[in-house]
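Written out below as structure tokens is the structure these notes cover.
Values quoted throughout were computed directly from the atomic coordinates according to the rules given, and no laboratory measurement underlies them. Everything quoted here is computed from the prediction, not taken from an experiment. Quick reminder, even Gly has a Cβ in these numbers, built from the backbone with ideal geometry, and neighbours come from all protein chains shown.
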Amino acid sequence: MRAADFYTGIVAEAYGPLRGDVVEAGPYLDFVRAEGEPALELGCGDVGPFLELVAAGIDVEGVDSSADMVRRCREKAAAQGLTATVHHQRMEDLALPRRFRSVYLAGATFNLLPDDATAAAALLSITRHLLPGGAALVPLWSPPPTPAEQIGRVREAVTEQGRQARFHVVGEEYDAAARTRTTHVRYRLDGPDGVQEADRDWVMHWYTDDGFRLLAEGAGLTVERVEVPADDERVVLLRRAGS
């Protein structure tokens, strides 16, 4: 299941409140200030750094493949009195009228691309949308199997609409050879209008260091720096040639 289909319906409402981690805006704000504007966030959703950068006065646009997430992001921007440009497109098929000094993904968004071919297309899209000499910041994650004790464990939160959201892992396939983890999850929303449930397949695809470098080089990008925040995490700075 692609991200455009995963983050829809009740999942779009429940995802933010149920999310286990928070992506801080600071590193992305620092990146854009260092590399220059305009900037582009891929997979901006309705939570994360994007609106914080808009509020900070950064010339930044957002892209998301989920129509529901794009709508929610625009609504949140309007509620905060912000003017935000958000595009509904897949990053592997990106076709925007503007070119950017900085492109970034927040968190492990790139891992939502289901295979190397889609990743190669997305990297080529990034190259096409970078100005000469521009940079892209791509966090990557190599996910472990979900621990057995977490399967079936229910996570709960209250959405902005006041509905009770629940989430749990139903099962999982972990294919180390294909570098793909498919986690079967169930979302539930309880509210005055009754109970709604949605089953989704959460697909995460990961990369070896050499494999990602080859994909980037094939798209015309150079790996300039790799940070290693943890054994299973990489933050890769890519550069398009030119000045």
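The length gained by stretching the chain between L82 and V223 to full extension, at 0.36 nm per residue less their Cα-Cα distance, is 47.3 nm.
Sparse packing (at most 16 other Cβ atoms within 10 Å of the Cβ) combined with a DSSP loop state is found for the following GluC sites (Glu not before Pro) in segment 100-165: E160.
The DSSP beta bridges internal to the chain are antiparallel in roughly 70% of cases. The simple Förster model, with R0 at 30 Å and r as the Cβ-Cβ distance, assigns E52 and E233 a FRET efficiency of 0.90.
Packing, as the average of other Cβ atoms within 10 Å across residues, places the peptides 232-242, 67-77, 44-54 in the order 44-54, 67-77, 232-242, highest first. For a modelled paramagnetic label at A241, 7 Å from Cα along Cα-to-Cβ, the residues of segment 104-132 in reach, with backbone nitrogen under 19 Å, are 123-132. From most to least packed by mean Cβ count within 10 Å, the peptides 162-175, 27-40 give 27-40, 162-175. Extents of segment 148-204, taken as max minus min of Cα coordinates on every principal axis and listed largest first, are 45, 20, 17 Å.
Counted over all Cα-Cα pairs of segment 90-173, pairs farther apart than 20 Å make up 55 percent.
Its Cα gyration tensor gives segment 119-243 an equivalent ellipsoid. The semi-axes, each the square root of 5 times an eigenvalue, are 36, 19, 13 Å from largest down. Note on E41, E197: ascending count of other Cβ atoms within 10 Å places them as E197, E41, the fewest first. Based on the Kirkwood approach, the hydrodynamic radius assigned to the chain is 18.6 Å, with every pair of different Cα atoms included.
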